[in-house]
Amino acid sequence: MKKSYIYIAGATMLTLAAACAEEKFDGFGSGKVALSATLNSDMEVESRASEQELRDGCEIWISSEKGLVRKYKGVDNIPASVDLVTGSYVAEAWAGDSVSASFEKKAFKAYVPFEVNAGQTTQVALDCKIANVAASVSYCNNIEEVLDNITMTVGHNRGSLVFEGRDERRGYFMMPSGETDLTYTLEGTQKDGSHFSFPGTITNVRRGVEYRLNVTYTPGETTVGGAIFTITIDDTEMTVEQSVELVTPPVIKGYDFNIANPVVATPGAIGDKMVYVLSGTQLATVELRSDIFLEDRFAVLGGNDCELLGMSAVGLQAINDAGISFTHSYTPDAENTVMCILFGSALTDNLTEGDHSFEIVATDIKGRSTAATLTFSVGDAPVITVDPNTTEVAEHTAVLRGIVNKDGVESVGFRYRAAGSEWSYVEGVAARAFANGDEYVAAITGLKGNTTYEYASVSDYGTPAQFVSGIVKSFTTLNDQLPNSSFEEWCTYSDAGIPGAEYPAFWDTGNHGSKTMQKKQVTTWSTDYAHSGTHSICLKSQFVGVGIIGKFAAGNVFAGRYLYTDGTDGELGFGQPWTLRPRQVKVWAKYVAGTVQSKGSGSHLSTGDKDQGVIYVALVDNTMTKYDRNGTEWPCVVKTKSGQLFDKNGANVVAYGEHIFATDTEGSGLVEITIDLAEVNGNLDVANIIFVASASRYGDFFEGGEGSLLYLDDIELVY
């Protein structure tokens, strides 16, 4: 392809040629109904991003005509299997950084429609190619004979890059929706001192293509005493300079059964069981380990393990004779491997009563390994307890799992309890006759967060034939409380005390600002009072400065981050991720009010009045505010200098509650405070929590009492 434009001007002829080439981000991925999803993306680009950064930042979406049905962040977080109902879908993947114009940041994208058919396996290859348009500039050796102070500006209406002098970097552009042109302007100073400017447009640019502007000139005169500028756009191949790979480890999965659960049956009733090993690249080794291999019939193996891909002929014969066989298929063009390991009935139906395990460890040629254990549980128990699926355990709910091990069972269920307490019973399914091998589940609710529970399978509950499995499994519910809610952890960062084991933490304080004045701390770690453990935190309002130079600073703590000190004012990011919906917040506190001496910019209290303390809590949605100094995003950005504060009635507030300390708390110790969270915009989903406490209620206005104290300990969210 060649396009030419003629422009009459000046005393020289400049030729600009734009060449294109493609950067590749090739890959393999598969989504299988009841099987697995793998992703293998090889990216050949000049890249400053590390492989792990790209892996962690990669997003994979699966959508149907009804909208998003699966979403994963990070290649390592793609599950071993993705089960989808029959229908039409689209798989999309993004990696890198999407910015309008950058010399370093690039984005990559894949878009693959696919169909899922009942009972069939669907292969999905995600070929993630660079999503940017690229541009670079080169000049002929004698360009300085014509122009000094050369710049080339390339871009579109949302961003541009300036190539100064002989800048040979490659620039990357994300094109705005509906735009297909890049504009450029060559500028410089001519030898007579006049300014030279030569604009142009590269039309119909394409993603994954580099447009190289090669600038040359040829002296010459026309019949009108001028010269001819010609811009020529050619296609050439982009240079590949570095290789980065994104590859998932191998996947190990049972065919028609969950390998994470034991295969249970009565003696002689297991039959054939198939295990798949899937890899996005070539497999190097597949090891099989079992104590069964210590039996005399496997003596040729010389131990309790064998490596299937490198086995000797006599070793293969020994495991084949016992009922274990495998097939192995590697496809170089697609860069993927499928291995099938068959544990045949000749082996499984001769297993004695008890548990028999086979550990499978698959390692690819990149050194990435995955391990899984196949367990055959042989016995006469009517029901067997199965390990819980960790993805089905939440803060207040869990799913219990069991397997029927005999025909003729009339009813199934579970007994469960918080460890050490009384047992409760939950029915698995409606009473009916069950078949050997049926899995059954029961969802339980109303559990307490961060608590260990035990459960066991039960059959024929409440009848003379009742059976309780001797296999007791356990799980621990997720924590439903704020991190370091008892303030037993404390660290120091750049001379500022912080509630947390290390910085950044869930909590932050105004110590970052106050420490600049004689290293004063408005929030400290205290052993004066504690409801549990040994520590609380003490918020102390005080004048921070030297002589009359300084400001009143309120003792404070908040969920979020101290962002910047603007003179004597702070800029804060309020809020931390939180999706649960508590109805109350309880906290143990002690408040001692100082006398108002500082009025600051406020007019809420009068000099000589007693100060007031405050705790306020808000549940907010996922609306975020970008902080202008570093581009981070927060549910609320506070800037005390400009009066930009939190709005409890804001459109993003789901629920809000506060407690005002209008007087000193009673007694000599901490007292329990309860804060009800009332709905503000109750139809919104909770995505973040804001928690702020201050020894001076109007500290945002630098108004309060010198020496006001607020001690806090044991914050509890009540659901």
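Just so you know, in region 246-282 the residues that are open to solvent by 20 Å² or more (accessible area, probe 1.4 Å) and hydroxyl-bearing (Ser, Thr, Tyr) include one that is nearest to Pro388 (Cα to Cα), and it is Tyr255. For region 178-197, residues that are within 18 Å of Val209 (Cβ to Cβ) and either polar (S, T, N, Q) or in contact (Cβ under 8 Å) with a residue 24 or more places away in the chain (or both) total 5.
Would you check if Pro199 is open to solvent by 40 Å² or more (accessible area, probe 1.4 Å), modelled with pLDDT of 80 or more, out of contact with any Asp or Glu (no Cβ under 8 Å at 6 or more places or on another chain) and of a type outside the set (S, T, N, Q)? Criteria met by Pro199.
Among what's in region 479-502 and is small (Gly, Ala, Ser) and touching a strand residue (DSSP E or B) at 6+ places or on another chain (Cβ under 7 Å), pick the residue that is surrounded by the most Cβ atoms within 10 Å (Cβ to Cβ).
Our first condition is that a residue be small (Gly, Ala, Ser); within region 479-502, this holds for 485-486, 494, 496-497, 500-501.
Narrowing the set further to residues that are touching a strand residue (DSSP E or B) at 6+ places or on another chain (Cβ under 7 Å) leaves 485-486, 497, 500-501.
On the way: Ser485: 19, Ser486: 22, Gly497: 19, Gly500: 18, Ala501: 12.
Among those residues, the one meeting the criterion is Ser486.
Looking at region 462-473, which of the residues that are closer than 16 Å to Trp423 by Cβ and either open to solvent by less than 70 Å² (accessible area, probe 1.4 Å) or among the hydrophobic types (A, V, I, L, M, F, W, C) (or both) is nearest to the chain's Cα centre (by Cα)? Within region 462-473, the match that is nearest to the chain's Cα centre (by Cα) is Lys473.
Exactly one residue out of Thr180, Thr216 is touching a helix residue (DSSP H, G or I) at 6+ places or on another chain (Cβ under 8 Å) and at pLDDT 50 or above, and it is Thr216.
A count restricted to region 57-116 and to residues that are more than 30 Å from Gly155 (Cα to Cα), of a type in the set (Asp, Glu) and assigned to a strand (DSSP E or B) stands at 1. Just one of the listed residues (Lys590, Lys610) is farther than 21 Å from Gly682 by Cα, of a type in the set (Lys, Arg) and open to solvent by 50 Å² or more (accessible area, probe 1.4 Å), namely Lys610. Assess whether Val378 counts as being surrounded by 14 or more Cβ atoms within 10 Å (Cβ to Cβ), under 24 Å from Gln466 (Cβ atoms) and not basic (Lys, Arg). Considered against the rule, which asks whether it is surrounded by 14 or more Cβ atoms within 10 Å (Cβ to Cβ), under 24 Å from Gln466 (Cβ atoms) and not basic (Lys, Arg), Val378 comes out as yes.
Does region 544-551 include one or more residues that are modelled with pLDDT of 95 or more and in a loop (DSSP other than H, G, I, E, B)? Break it down stepwise before answering.
First, pick out the residues of region 544-551 that are modelled with pLDDT of 95 or more: none.
No, region 544-551 contains no residue that is modelled with pLDDT of 95 or more and in a loop (DSSP other than H, G, I, E, B).
The condition of being β-branched (Val, Ile, Thr), at pLDDT 95 or above and out of contact with any Lys or Arg (no Cβ under 9 Å at 6 or more places or on another chain) does not hold for Ile252.
Considered as a group, the residues in region 306-347 that are part of a strand (DSSP E or B), more than 16 Å from Asp272 (Cβ to Cβ) and touching a residue at least 24 places away in the same chain (Cβ under 8 Å) include one that is most open to solvent (accessible area, probe 1.4 Å), and that residue is His328. All of (1) modelled with pLDDT under 95; (2) touching a Phe, Trp or Tyr at 6+ places or on another chain (Cβ under 9 Å) hold for Val617 with one exception: (1).
Could you check region 698-717 and list, in sequence order, the residues that are at pLDDT below 95, within 26 Å of Asn484 (Cβ to Cβ) and open to solvent by 20 Å² or more (accessible area, probe 1.4 Å)? Passing the criteria: only Asp700.
Looking at Ile660, Ile689, can you tell me which residue is surrounded by 17 or more Cβ atoms within 10 Å (Cβ to Cβ) and touching a residue at least 40 places away in the same chain (Cβ under 8 Å)? Give the derivation first.
Details: Ile660 fails: surrounded by 17 or more Cβ atoms within 10 Å (Cβ to Cβ).
Going through Ile660, Ile689 in turn, just one is surrounded by 17 or more Cβ atoms within 10 Å (Cβ to Cβ) and touching a residue at least 40 places away in the same chain (Cβ under 8 Å): Ile689.
Residues that are buried (at least 22 other Cβ atoms within 10 Å of the Cβ) and under 33 Å from the mean Cα position of the chain (by Cα) within region 381-400 comprise Thr385, Val386, Ala398, Leu400, listed in sequence order.
Looking for something part of a loop (DSSP other than H, G, I, E, B), modelled with pLDDT of 95 or more, small (Gly, Ala, Ser) and surrounded by 13 or more Cβ atoms within 10 Å (Cβ to Cβ) - is there at least one such residue anywhere in region 283-290? Explain how you work it out, then say what you get.
First pass over region 283-290, keeping only residues part of a loop (DSSP other than H, G, I, E, B): 290.
Filter once more, so that each one left must be modelled with pLDDT of 95 or more: 290.
Next, only the ones that are small (Gly, Ala, Ser) stay: 290.
Subsequent filtering for residues that are surrounded by 13 or more Cβ atoms within 10 Å (Cβ to Cβ) retains 290.
Taking every residue of region 283-290 in turn, at least one turns out to be part of a loop (DSSP other than H, G, I, E, B), modelled with pLDDT of 95 or more, small (Gly, Ala, Ser) and surrounded by 13 or more Cβ atoms within 10 Å (Cβ to Cβ).
The values are calculated or read from the model by the stated rules, or taken from the named source; none is laboratory data. Since the model is a prediction, treat every value here as computed from it, not as a measurement. Heads up, the Cβs are rebuilt from the backbone with ideal geometry, glycines too, and the neighbour counts pull from every protein chain shown. We work out accessible area using only protein heavy atoms, side chains counted, and drop any ligands, DNA or RNA first. Shrake-Rupley method; radii C 1.70, N 1.55, O 1.52, S 1.80 Å.
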